[in-house]
Amino acid sequence: MRVALISDLHASTVALDAALGDIEKRNVDRIVCLGDIADLGPEPGATVARLRAKGCDCIQGNHDSFREQFPGLMNIIDWCWNRLDAAQRDFLQGLPSQLRVELAPGVTLLCVHGSPSTYDEQLLAETPTSRIDAWGLDRDVRVVVAGHTHVQLVRQYKGRTFVNVGSVGQPFLAAFDGVNPPRVLRRVEYGIVEWSERGLNVELHSLPLPWDAFRASLYAAGFPDPERWLASWEESS
């Protein structure tokens, strides 16, 4: 079983199409979206429509309920909400918090947004092992895959592999610390988890964001104060 994992799309069809185009070359069996689908970007409705047309399994991220408050971002979040139709809003708010994928008999991939505990907990290299133990994972869960931090990661602990696939729509240089504004990279990130007779293989992919097309999409959509938003993105090699 070979599963592509995308996360934190943030309403960018430009970034999503780049990720899906790259995934198509890599012979996967399934695509799973780990949430944060349709806010903080120029094309909320079109992003939801792309995922549904592609038949992607999706789980809910902390932004998908549109019920949380994010200081300094509410004008953009309200703008995104108003560009979703009723069916798309219901779809996002009705998504499950987790998804289990059987990679092989007795081998489960657990898909979450933040952590197995809650969608707004960060999975980091620094996450204490006592916290991981507290998640109480079932014995068959051999791989846990998450997003939320917008930073890619592979970590091993007690025979399990913990993967953060980063962000399709807004990769960060470092995880948000709750204080300093994130530094966003002009990249598109996703991951692939594969289980074969040789065991587990994890691939973390990063490709250039089509910057001119992304910039144009903000203006075409009437996104609020696009130049201020674009100033957060940094060129990266």
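The values are calculated or read from the model by the stated rules, or taken from the named source; none is laboratory data. These numbers were taken from a predicted model, which means no experiment stands behind them. No Cβ is skipped: glycine too gets one built from the backbone with ideal geometry, and neighbour counts run over all protein chains shown. We work out accessible area using only protein heavy atoms, side chains counted, and drop any ligands, DNA or RNA first. Shrake-Rupley method; radii C 1.70, N 1.55, O 1.52, S 1.80 Å.
Couple of notes before you dig in:
- Among residues of segment 22-33 that are over 14 Å from Val188 (Cβ atoms), none has a beta-carbon under 7 Å from a residue that is β-branched (Val, Ile, Thr) and open to solvent by 100 Å² or more (accessible area, probe 1.4 Å) at least six positions away or on a different chain.
- Single match in Glu68, Glu24 (criterion: out of contact with any strand residue (DSSP E or B) (no Cβ under 9 Å at 6 or more places or on another chain) and assigned to a loop (DSSP other than H, G, I, E, B)): Glu68
- When each of Arg183, Arg155 is tested for being touching an Asp or Glu at 6+ places or on another chain (Cβ under 8 Å) and among the basic types (Lys, Arg), the lone residue that passes is Arg183.
- In this structure, Arg186 does not qualify as open to solvent by 40 Å² or more (accessible area, probe 1.4 Å), among the charged types (D, E, K, R) and over 23 Å from Asp22 (Cβ atoms).
- Condition met for Leu204 (crowded, with 16+ Cβ neighbours inside 10 Å, modelled with pLDDT of 95 or more and part of a strand (DSSP E or B)): yes
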